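These notes concern the structure reproduced below.
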Amino acid sequence: MIGLISDVHANLPALEAVLDDMPDVDALVHAGDAVGYNPYPGACVELLRENDAVCVQGNHDRAVAGDTSFGFHTDAGRAVEWTQRNLGDEAVEWLDNLPVERETMIGGARIKTVHGAPGAPDRYTFPHDFSPSLLRGEDVLVLGHTHVQAKRAYDEGVVVNPGSVGQPRDEDPRAAYALLDTETHEVELRRVEYPVSQVQDEIRRAGLPESLAERLAEGR
């Protein structure tokens, strides 16, 4: 069994809730964006590393590591700048060195992990965009970026977005994740409650944009 997560976005209480809810797994896979938006970047990076998570780089990870093409005039951009000021050099270096794609064999399942889409890390691949053409020989394709939880099984394999741990956008504010059975390649989508108000309070104490606090309760 493998735990699939994505888009933690520096939301430590949500990540802790997911890991507490998750049964024992052989590996943890994260489809990018460990940081951004929320106020616990260092603790989230540390927890992912402690769990030996198989991670790829998301667009917020890349921005925090110094990608100047990110739109810093937005609330997301202001959160990136805040993260750059509040994240240690070692964690920034870890984010900078993450690959954009990874292919791993775990328990007999060949798993490809990307953030947006294969060959296009910043492309939003919504559930209606899922198709067998996304698969290139792997058994399971894990992607994130949209913050929308979904899965589709095809003869060629499985495409799954485990949803966002730290900032869901499918109108369900609960933290999202998924479990992959490496023998059958079946995927179970899961949701778990976490203390949203605690994160909202910390966002405000940190001086991050109010919109980032409000959206957590609305799942958008």
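Bear in mind these aren't lab numbers, they're just calculated from the coordinates by the rules spelled out. Model, not experiment: these values are computed from the prediction. Note that each Cβ is placed from the backbone with ideal geometry, even for glycine, and that neighbours are counted across all protein chains shown.
Would you please give the residues with an amide H less than 5 Å from that of residue 185, counting only those at least 5 places away or on a separate chain, with H modeled from the backbone geometry?
Amide H to amide H, under 5 Å and 5 or more residues apart or across chains, residue 185 pairs with nothing.
Using only the alpha-carbon atoms, how far is helix 75-86 inclined from the longest principal axis of the chain? Give it as 0 to 90 degrees, nearest 10.
80
Sort the following peptides by mean Cβ neighbour count (other Cβ atoms within 10 Å, averaged over residues), highest first: 200-210, 9-19.
Ranked from most to least packed, the peptides come out as 9-19, 200-210.
Order of 192, 165, 158, 45 from fewest to most other C-beta atoms within 10 Å?
Numbers: 192 16, 165 30, 158 21, 45 25.
With the fewest neighbours first, 192, 165, 158, 45 line up as 192, 158, 45, 165.
For the range 2-218, what relative contact order do you get, as a whole percent, if you take Cα pairs closer than 8 Å and at least 6 residues apart? Walk me through the intermediate numbers first.
Numbers: 526 pairs, mean separation 50.7, N = 217.
That works out to 23 percent.
Which value in nm describes the separation of the simple spin-label points at residue 52 and residue 123, placed 7 Å from the Cα toward the beta carbon?
A separation of 3.3 nm, rounded to one decimal place.
When the helices in the chain are scored as -39500 (n - 2.57) per DSSP H run of 4 or longer and the sum is shared across all residues, what 222 nm value do you end up with, to the nearest 500 deg cm²/dmol? Spell out each step's value before the answer.
Numbers: 7 runs with 66 residues, N = 220.
Calculated at 222 nm, the ellipticity per residue is -8500 deg cm²/dmol.
Taking amide H positions as placed 1.01 Å from N in the peptide plane, with prolines and chain starts having none, which residues 5 or more places from residue 158, or on another chain, fall under 5 Å of its amide H?
Long-range HN contacts for residue 158: 140, 141.
Would you please give the FRET efficiency between residue 211 and residue 172, computed as 1/(1 + (r/R0)^6) with r the Cβ-Cβ distance and R0 = 25 Å, to the nearest 0.05?
Numbers: r = 19 Å, r/R0 = 0.75.
Efficiency computed from Cβ-Cβ geometry: 0.85.
Can you tell me the length gained on complete extension of the stretch residue 192 to residue 1, counting 0.36 nm per residue apart and subtracting the Cα distance?
On the way: separation 191, 0.36 × 191 = 68.76 nm, distance 1.84 nm.
Here the answer is 66.9 nm.
Could you tell me the distance between the Cα centroids of the range 1-37 and the range 117-139, to the nearest Å?
21
If each of residue 97 and residue 220 carries a label point 7 Å out from its Cα toward its Cβ, how far apart are those two points in nm?
Computed distance between label sites residue 97 and residue 220 equals 4.1 nm.
Under 19 Å from the 7 Å Cα→Cβ point of residue 153, by amide nitrogen: which residues of the range 1-29?
1-4
Whose amide H sits under 5 Å from the amide H of residue 146, counting only residues 5 or more places off or on another chain, with H placed in the peptide plane?
For residue 146, the qualifying residues are 125.
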